[in-house]
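Heads up, the thing below is written out as structure tokens.
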Amino acid sequence: MHGILLVDKPEGITSNGLVQLVRKIVRPAKVGHSGTLDSAASGLMVLLIGAGTRALDYLDESHKAYSMTVLLGEETDTGDREGNVIRTSDTSGIDATKIEEALQTYRGVVDQVPPHFSALKKEGVRLYKLARKGIFPELSPRKVEIFSLEMVGWAPPILELEMICSKGTYARALARDLGQDLEVGARLEKLRRTASGPFRIENALTIEQMLSGGSKAISDHLISISTALAHIPDLQLQPAEIRKLTCGTGIPIARGRLPMHGAAENQVSRFFKTVSGNEELLILLRPEPQGVDVFLRPVKVFRTWEKE
């Protein structure tokens with residue numbers, strides 16, 4: 001069993017707990033994930049199974065989509081409903097117009113200070129471990145991009161938002177900063193991830209479906225490695241060339257054999273992939289200039305007929 005599995009994580013289970021559950025069903029295959037969700041959050045988790053675990057660094061995670069419920073007028077030390085309340089405020093002076101004005105500043109590339117209760121590391125130690133000891137080091141802002149941020153509901157003091165953002169964006173930090181801008185404080189009430197790159201929550205399995213259907217349900221919903229890497233251009237190669245690459249030996253080819261992309265159609269992709277044997281063999285390739293030609297260097301070889 002090799003590939004990518006989309007799972008709808010419910011609230012109340014950790015990301016690691018979900019991985020352990022799936023691991024029990026698909027043993028002895030390896031299981032990993034492309035990114036965690038907080039225990040209080042729900043929604044899409046992209047799990048990697050078998051040879052799929054080696055595709056982690058090559059998945060398209062250029063954007064993620066979330067449905068957010070924000071409670072205005074209350075702040076907690078964690079930025080969500082699980083933390084201790086540190087401030088409350090009256091929100092009667094807040095209306096949709098003020099909220100929309102505040103939201104405008106968060107669209108595009110912004111500097112965001114991550115929450116202290118997060119899995120990021122400071123000098124090799126997870127921030128949440130330091131925070132639990134009462135240690136809150138100064139954190140530097142990080143560049144993130146919010147492609148879309150829309151208000152879809154306002155029933156004071158509850159604000160509903162839809163966000164599409166870059167990987168590494170913290171919804172809790174956005175809620176915190178928005179509350180500070182509105183001068184009433186805010187925290188995240190609910191968070192649901194609805195998309196990650198090309199993967200959508202509509203195609204995800206629930207825990208109930210996995211438990212009732214077992215390994216067959218997972219196998220039936222498994223996305224092939226080739227499909228998961230559809231954003232990487234395909235390159236047609238000869239059997240003799242593939243054999244060399246499978247053994248770890250790079251090969252030179254004429255530049256004209258490479259599919260081009262970009263506005264001028266003269267840009268070479270950072271990676272290519274070649275697939276053979278009914279997708280039983282997939283090789284990721286890095287092109288390197290070699291005079292007027294290109295040298296293809298194998299980066300990863302995925303053999304889906306072998307045990308992982």
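The values are calculated or read from the model by the stated rules, or taken from the named source; none is laboratory data. Not measured: the values here are computed from a predicted model. Here the Cβ is made from the backbone with ideal geometry for all residues, glycine too, and neighbour counts use every protein chain on show. Side chains are part of the model used for accessible areas, which takes the heavy atoms of the whole protein and leaves out ligands, DNA and RNA. Shrake-Rupley method; radii C 1.70, N 1.55, O 1.52, S 1.80 Å.
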Worksheet entry | For the stretch 154-268, size of Cβ-based charge dipole, Lys and Arg +1, Asp and Glu -1, in debye | 500 debye
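Please give the charge dipole size of the chain, origin at the Cα centre, charges +1 on K and R Cβ atoms and -1 on D and E Cβ atoms. Round to the nearest 20 debye. Mind showing how you got there, number by number?
Working: 39 positive and 38 negative charges, 333 e Å.
Here the size comes out at about 1600 debye.
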Discussion item. With only alpha-carbon atoms in the gyration tensor, what are the semi-axes of the equivalent ellipsoid for the stretch 81-198, in Å, largest first?
Written reply: 24, 19, 13
Worksheet item: Taking the alpha carbon gyration tensor of the chain, what are the square roots of 5 times its eigenvalues, largest first, to the nearest whole Å?
Response: 41, 24, 17
Worksheet item: Heavy-atom accessible area of MET1 with all protein chains present, probe 1.4 Å, nearest 10 Å²?
Response: 80 Å²
Item to complete: Run the 1.4 Å probe and let me know the accessible area of HIS33, rounded to the nearest 10 Å².
Response: 60 Å²
Fill in: Against the rule of thumb 2.2 N^0.38 Å, how large the Cα Rg of the stretch 1-156 comes out
1.24
